[in-house]
Amino acid sequence: MELLAALRNRHSTRLYKNQQVSDDEIRALCDAAAMAPSSMNSQPWHFYVATGDSRNKVGEIMSLTTLHLQEYIEILGAEVVERAARFYEDMGMAPVIVAVATPTFEDPTEQRDAYIAVGAAIENFMLLAVDSGLGVCNISAPRWVVDQLMEAFGVPEGSTIASLIIVGYPDEAPLAQERHHDVVTFVSR
Ligand SMILES: Cc1cc2nc3c(=O)[nH]c(=O)nc-3n(C[C@H](O)[C@H](O)[C@H](O)COP(=O)(O)O)c2cc1C
């Protein structure tokens, strides 16, 4: 698939088929992620892959986030909260949940650089997934249950979970979300 086609075809998938994804396929996505640039080639990422029983354990933990979502009902409205709660209940049945871990730094600049690199790595991961016919969704909602997730994934102290990525064969064709168009300002020469 051409790069622009992969960029256009990547949409967050929140419903998956009951079909396994092989370890080789997941490893290929992690290898693509690890090709991302990083500050001083620090490569501040590690991918913890939960499938089978470990995926179910992570799913149980994520379903706890539905309680916290109720705190957002005033801001987001009942319908959005309800839809999100249904999704976190089973994580769209995704067969694979990946935790992307990054070291924690005292220095805010180092931390910022690590998150930028992790974001680039996640995009690589997602684009190869699209190219391979897989669906993916980046999930930052675990902020409420991050301690339980750290334990379930076996992420060591000194690192934190930057994000989760759910992976599987899509059972929906997500609509393209609106994009802002006024994102460029050419500074006068
Ligand atoms: C940093 C980050 C965090 C996100 N967290 C969540 C999340 O917690 N739950 C969710 O359903 N989607 C999450 N998403 C997916 C976004 O909602 C999605 O990318 C956005 O609405 C644009 O839609 P698209 O990915 O289909 O283009 C996240 C995306 C990013 C980049």
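Go through the range 154-170 and give me each residue that's open to solvent by 20 Å² or more (accessible area, probe 1.4 Å) and of a type in the set (A, V, I, L, M, F, W, C). First the steps, then the outcome.
Looking only at the range 154-170, we keep the residues that are open to solvent by 20 Å² or more (accessible area, probe 1.4 Å), and these are 154, 156-160, 162, 169-170.
Passing the criteria: only 162.
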Q. Quick one: would you say residue 72 is under 19 Å from residue 31 (Cα atoms), within 14 Å of the ligand (Cβ to nearest atom) and surrounded by fewer than 16 Cβ atoms within 10 Å (Cβ to Cβ)?
A. no
Q) If we only count helices (runs of 4 or more DSSP H) wholly inside the range 1-68, which ones have 1 or more residues that are in contact with an Asp or Glu (Cβ under 6 Å, 6 or more places away or on another chain) and closer than 20 Å to residue 161 by Cβ? A) 52-63
Q: Considering only residues that are out of contact with any helix residue (DSSP H, G or I) (no Cβ under 8 Å at 6 or more places or on another chain) and open to solvent by 50 Å² or more (accessible area, probe 1.4 Å), look in the range 111-143 and name the one that is farthest from the ligand (Cβ to nearest atom).
A: 112
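Out of 82, 89, 106, which single residue is within 14 Å of the ligand (Cβ to nearest atom), out of contact with any helix residue (DSSP H, G or I) (no Cβ under 8 Å at 6 or more places or on another chain) and either more than 19 Å from residue 47 (Cβ to Cβ) or touching a residue at least 40 places away in the same chain (Cβ under 8 Å) (or both)? Before you say what the answer is, go through the steps one by one.
Numbers: 89 fails: out of contact with any helix residue (DSSP H, G or I) (no Cβ under 8 Å at 6 or more places or on another chain); 106 fails: within 14 Å of the ligand (Cβ to nearest atom).
Testing whether each residue is within 14 Å of the ligand (Cβ to nearest atom), out of contact with any helix residue (DSSP H, G or I) (no Cβ under 8 Å at 6 or more places or on another chain) and either more than 19 Å from residue 47 (Cβ to Cβ) or touching a residue at least 40 places away in the same chain (Cβ under 8 Å) (or both) leaves just 82.
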Q: Look at the range 1-43 and say how many of its residues are open to solvent by less than 80 Å² (accessible area, probe 1.4 Å), within 16 Å of the ligand (Cβ to nearest atom) and free of Cβ contacts under 8 Å to residues at least 40 places away in the same chain.
A: 1
Q.
Go through the range 75-100 and report how many residues are touching a Gly at 6+ places or on another chain (Cβ under 6 Å) and either farther than 16 Å from residue 63 by Cα or not hydrophobic (A, V, I, L, M, F, W, C) (or both).
A. 1
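Out of 152, 141, which single residue is out of contact with any Gly (no Cβ under 9 Å at 6 or more places or on another chain) and at pLDDT below 95?
Values: 152 fails: at pLDDT below 95.
Matching residue, one of 152, 141: 141.
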Q: Return yes or no: is residue 146 within 14 Å of the ligand (Cβ to nearest atom) and open to solvent by less than 30 Å² (accessible area, probe 1.4 Å)?
A: no
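The values are calculated or read from the model by the stated rules, or taken from the named source; none is laboratory data. In this text the structure is predicted, and so the values were computed from the model without any measurement. Because the Cβ atoms are built from the backbone with ideal geometry, glycine has one as well, and the counts that use them run over all protein chains shown. We work out accessible area using only protein heavy atoms, side chains counted, and drop any ligands, DNA or RNA first. Shrake-Rupley method; radii C 1.70, N 1.55, O 1.52, S 1.80 Å.
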